[in-house]
Amino acid sequence: MIYLGIVGAICVLGTQPVKAQSAEPPITKIPQLSDIPRPHTNVKDWLAQQNQQTEVTVVTGVRLNLTSSGLEILLETPTSDKLQTTIKNENNNFIADIPNAQLQLTGDSSFRQDKPVAGISEIIVTNVDTNSIRVTVTGEGGIPKVELDDGDTGLIFVVTPVTSSTAQNPTPPTAPLPLVRGGEGEESQETPPTQPSADANAPIELVVTGESDTYSVPDASTATRTDAQLRDIPQSIQVIPRQVIKDRNVVRLSELADNVSGVQPERGYGGLSSLGFRVRGFLTNFETLRNGFPDYGYFSPRDVANIERLEILKGPAAVLYGGSPTQYAGGSGVINTTTKKPLAEPYYSASVTYGSYNFLRPTLDISGPLTDDKSVLYRLNVAYESSDSFRDFVEYDSFFISPVVEIKVGDRTKLTFEYEHQKYNFVFDNGFPIEPEVLQLGRNRFLGEPNFANGEVTFNSLTYRLEHEFDDNWKFRQGFNVLSANLNDARQVSPGSLQEDRQTLDRSFYASDEEHENITLQNEISGKFSTGSIRHNVLFGVDLARNLFNYIFAPDLELSINIFNPQYGGTPTPVEGGSPFGRKIVSENVGLFAQNLIELTPNFKVLLGGRLDFNDYSRQDRVSGDILDKQSNTRFSPRVGVIYQPSDTTSLYFNWSNGFSPQFQARSRTTEEFEPQTTQQFEVGVKQNFLDNKLSATLAFFQITKQNVLTPDPVDDLFSIQTGEQRSRGIELDIAGEISPGWKVIVNYAYIDGEVTKDNVIPVGDRLFGVPEHSAGLWTTYELQSGSLQGLGFGAGLYFVGEQEVDLPNTFQLPSYLRADASIFYRRQNYRFAVNFKNISNVKYYEVDGYSIDPAPPFTVLGTVSVEF
């Protein structure tokens, strides 16, 4: 992670500086339009550049100095206050581009130093062209921490290495830096300069772009609740950055299942766009996190406007997140969405998307400091969306707003408040029943009832986070989140079964009120220390959570319809013996956990963890008010992982983990109590980086065994039953990154053998529904890097999904399909124009959830215009 700032006086503690010799300044050339840095230059910087086009700042030398925490890079120039620096990072590289500057060393035009200090593998300072300089600092174990200062003798980069997930802050070597040869072959060895003094009246002007537009992300927090490097995590975890969301023009998070191996989208309740996925063969409807807090995605569509990235951890994660009432830690994976954070520099972005079926989506994203000293930062994301649908009589609209305020209380203390609000009005669409005849219907066929099936979701979430660093190695984090989701006065039509004529569909009509509330308090301490030559990265914490799930359904009505020749507008009749039905479920959970990532040697690490959960819940009948049952569960969840790294680019790993989750949100037709679901996973794999860490790959072999799994009741699919045992095993491959400048790619393949292994109802050997045996995905973009068409780019995607069972017990299969997507975009200065084409082949395919079949959209076009400053 890169920290940028303007610091005061910097004490030079090291000795033996290295200097490249000076030379006379060059003759400046006439500036060209292509010299303007893009695409992140803002208007303020661009205008400043125009005023300085004829004044190229000359850097006459490069000097390295050791410090107590790393080293300094000094670019020698008497006019450093005129330098404007654009910052980005790629993989382990910190990159600073300086326009309107020229590096002039005696007999050479570049500076390079290999392994100048522990944790830094390379430093390069070179001319990108005749009017700009690039500084690249490559870290060994992660992106270096870098601060900038304006000294009397030049621009200073203060570098603190990050060596590994278990390493403490580096101690500077006692030996001097290796000598760097100057342009004439002479070695330079001089006395270190005196402490530089910053000019308060001429601060360095920075444009901070945050993460670059790469598809490969080097770290993730979901697997360890720390900012660990992916190569140090002995478990498969895939990260989808914002750039993929932007390039594909994703408006529903479920679309990102295309870009991760072994993951399928899970249709939302009533056609809502939920956060549910199927990971390695099993549903994750409730297994979602938002910035590490429990999130409820079943009837809460979440807007993508403030999403920075999506992290998918494959395998049980109860060791860190426990067995809560939302079941988000007991399955085969955890979905964690990370939201955008406030920026220290002013940032303004707006976009408008319009497309097929009257789709309209304007968005606004603004950020910056609220105080002159930048101790208070803000960010605001706003989005509105409305659309008709390829489905008859279906439409929706949504409004979303999310303000964030970050307060720097002290040098080592930060406080953040984040609020999210969304209101979503929609037509309740339950898709098609699980009957083979429905595959003959057009995708637009609506089997509900116009002007009856509708609902409104109101979602609110408030989060508070306190982070305090005791020193460079130990820190405390406290987080508090209150979440509320309400589905009010929803009226829906639920498809039943076809009658004997195989064309008349029984339908149930009912109204409902449903609400979900969750309160979570997280407290954790993390630290790094050494015992002899062994390094430790430890985490200790306690979580407290209270969860409420409350629903009531009105008496059932019924009215059949002919699926091939629907006649709408009939009057439903009451179901004989129908009566209101509802439950109020309250759960309270306390979890204690500990974790240690141990570095036995620099290339051999062990991850150990355990969590103890205490869970109490009660279930009350909403109609009678009677307490139906109470239950207490105590469960220990362990995890063991081993990782061996034979080189800086290769990691071999193994993990064994367990998970559990209480199952009291589902309904049993016989009102029996469900046993907690248990999960066990074994996984081995390899993580490999290519092309100087610009391209990363993960190959995993896994087996997951789950017991007490809930499946739809074959007698009445409004209820659930518990099967004996289900197993999923297979192979997964994920590749993401940049092949060459401007050419990015994200590829995946999965083979999954998922089946029922023990059951009293479902035949043993039946395949898990919605899980293709083979699936693969490819998305790639290329942007021209130079010439008159610089900024023009193209994208293409291919997605293959094999045959899928639609339910348990298996009754029939959905056919395999190959879908194609494409895009064309153009970036010019602060503007971006894009057109996305989805399902170009217009293939007919479906999403399933074990209860119904949901037709996917046909050929769709979305056009977007955006601007950012």
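Figures for the structure shown
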read-out: Burial ordering of L75, L343, fewest other beta-carbon atoms within 10 Å first; value: L343, L75
read-out: Segment Y464-I731, length gained on full extension (0.36 nm per residue, minus Cα span); value: 92.2 nm
read-out: Length released on extending from N596 to N425, taking residue separation times 0.36 nm less the Cα-Cα span; value: 57.0 nm
read-out: Neighbour-count order for Y347, Y215, Y357, fewest beta carbons within 10 angstrom listed first; value: Y357, Y347, Y215
read-out: Simple label model, 7 Å out from Cα along Cβ direction - V867 to T705, nm; value: 6.2
read-out: Stretchable slack from Y568 to K408, in nm (0.36 nm times residue separation minus alpha-carbon distance); value: 51.6 nm
read-out: Spin-label zone in the stretch 610-638 - amide nitrogen under 14 Å from a point set 7 Å from the Cα of E672 along the C-beta vector; value: none
read-out: Sequence of V404, V806, V542 once ranked by neighbouring C-beta atoms within 10 Å, starting from the fewest; value: V542, V404, V806
read-out: R0 of 45 Å, Cβ-Cβ distance F529-K758: FRET efficiency to nearest 0.05; value: 0.45
read-out: Sum of side-chain charges, G431 neighbourhood, beta-carbon under 12 Å (Lys, Arg +1; Asp, Glu -1); value: -1
read-out: Overall Cα dimensions of the stretch 608-684 - principal axes, largest extent first, Å; value: 65, 23, 16
read-out: Set of the stretch 709-750 residues, backbone N closer than 19 Å to the point 7 Å along the Cα-Cβ line of V623; value: 716-720
read-out: Computed FRET value (nearest 0.05) for D501 with Q813, which takes r as the C-beta separation and R₀ as 25 Å; value: 0.60
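Read the figures in this text as sums done on the coordinates, not as results from a lab. Owing to the predicted nature of the structure, the values given are computational and were not obtained by experimental measurement. When we count neighbours, we look across all protein chains shown, and the Cβ atoms used for this are built from the backbone with ideal geometry, even at glycine.
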